[in-house]
1. Can you bin region 247-314 into rounded, prolate or oblate? Criterion: square roots of the alpha carbon gyration tensor eigenvalues sorted a ≥ b ≥ c, rounded for a/c under 1.5, prolate for a/b above b/c, oblate for the rest.
2. Quick one: grab the alpha carbon gyration tensor of region 223-377, order the square roots of its eigenvalues as a ≥ b ≥ c, and give me rounded if a/c is under 1.5, else prolate or oblate depending on whether a/b is larger than b/c.
3. With no solvent and one point on each alpha carbon, what is the Debye value of log10 I(q)/I(0) for region 86-192 at q = 0.22, 0.24 Å⁻¹?
4. Quick check: residue separation of residue 119 and residue 236 times 0.36 nm, minus the Cα distance between them. What number comes out in nm?
5. Between residue 220 and residue 151, what is the label-point separation in nm under the 7 Å Cα-to-beta-carbon projection?
6. Hey, with R₀ at 56 Å, roughly what FRET efficiency would residue 144 and residue 318 work out to, going by the Cβ-Cβ distance, to 0.05?
7. Summing +1 for each Lys or Arg and -1 for each Asp or Glu, what net charge is found among the other residues whose Cβ lies under 14 Å from the Cβ of residue 163?
8. Based solely on its DSSP helices, what 222 nm [θ] is calculated for the chain when runs of n ≥ 4 H residues each add -39,500 (n - 2.57) and the sum is averaged over all residues, nearest 500 deg cm²/dmol?
Amino acid sequence: MSSADQHPPETASTGAIPRPRRRVPFWDNARFICVALVVVGHGTQRLIYDSDTSYAFYLLIYAFHMPAFAIISGYFSKSASPTRRQMARVITDILVPYVIFEGLWTLTKWLVEGHANPNLTEPSWTLWFLLALGIFRLVLPYLSLLRWPLLWALGISIGVGYLGNVDSTFSLSRTLGLMFYFTLGWWLREHDIVRRFRLIDFRPWWLRACAVAAFAVWGFTCWRWLPFWDDIDLRFWFFYDDSYADLTADQWWAGGIRLGLMGLSLILCASFFILVPRGGLWWTTLGQYTMYVYLLHSFVLYPFRESGVLRGLDPTWIWLPLITVLAVAIAFATASRPVRRLFRPLIEPRPRWMFTDSALASGSDHRSDPTGSRRSR
């Protein structure tokens, strides 16, 4: 199973040369929209303390955007035993950038806040997802050997909430909490579900209407009962970072709450994928560079979030759309070619000196985003 955003090559029975693989724009569109929603969520987070509408909008996004990202990453992951080159890519694409950006965050906090606590076991802000991708890749070959891997992954995602000693160290709580979504993405590819049932192509008007209705209903629910969601700390449930006891739900049935929220997220993820554009657009290729957006946008937002300029903004109907647009603009800017060219040594390092075989670091004729997007150099 290839990690490329392509259908398997088609071969003729006559032994003709296989047709070239065709890239599916849908997946690049979905990737970029997901990472743009990450930026929007982080950009509007400070508004939730002063605006109920902003809070409801925040809950709407956080209910599905990281599960959808995990599904996409799983869809383009392999369950076979990794080759030497694939193992090297875990180092070059995930571990080395993680260390580099942890160092940059340590330096930033020291310069801005006057103190820093370097600790590679505690990921800074967005870096947890890099570690999650690495752990997903390590666990998947073993999980795929089991019968009913989806059921096992669901058990892991729900069961980890009962373990108070599994915390944010190496982002383990979030990783295991999101394990089901990643495994679901792999399972969909493994069983060729998307192609067999034409899930990308089959989009009648009524299905799109149902997808819009799902988001509308959840958005209204977030806004209408916001005091209740705030009382039970619903937004922290969507982080998959705390145990049930830390969320003041240490009863035996607490896992049922997570199960229900996972059901909600699956409905919203399905609705999201239904609404993602299928064809190539002017920004489609930016979906191949999601890690640039993911790793760089936090440095852009950091001074605004920490300075307090995003607090007390009124009226909401002006500031929420404005900051949302600015966040999307940041996503486009951090995925742009000049930015990629400048920061490629940090985000896509090729440390040949680390390997006994330097070819493992240099790669072949393509590079791969950690989420599985294969692209030409």
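1. Oblate.
2. Prolate, since a/c reaches 1.5 and a/b exceeds b/c.
3. Here log10 of I(q) over I(0) equals -1.16, -1.26.
4. Contour length minus Cα-Cα distance gives 39.8 nm.
5. Rounded to a tenth, the inter-label distance reads 3.8 nm.
6. 0.65
7. With Lys, Arg at +1 and Asp, Glu at -1, the net is -3.
8. Roughly -18000 deg cm²/dmol at 222 nm, from the helical runs in the chain.
Coordinate-derived values only; no laboratory data. Bear in mind that the values here come from a model prediction, so they are computed numbers and not experimental data. Heads up, the Cβs are rebuilt from the backbone with ideal geometry, glycines too, and the neighbour counts pull from every protein chain shown.
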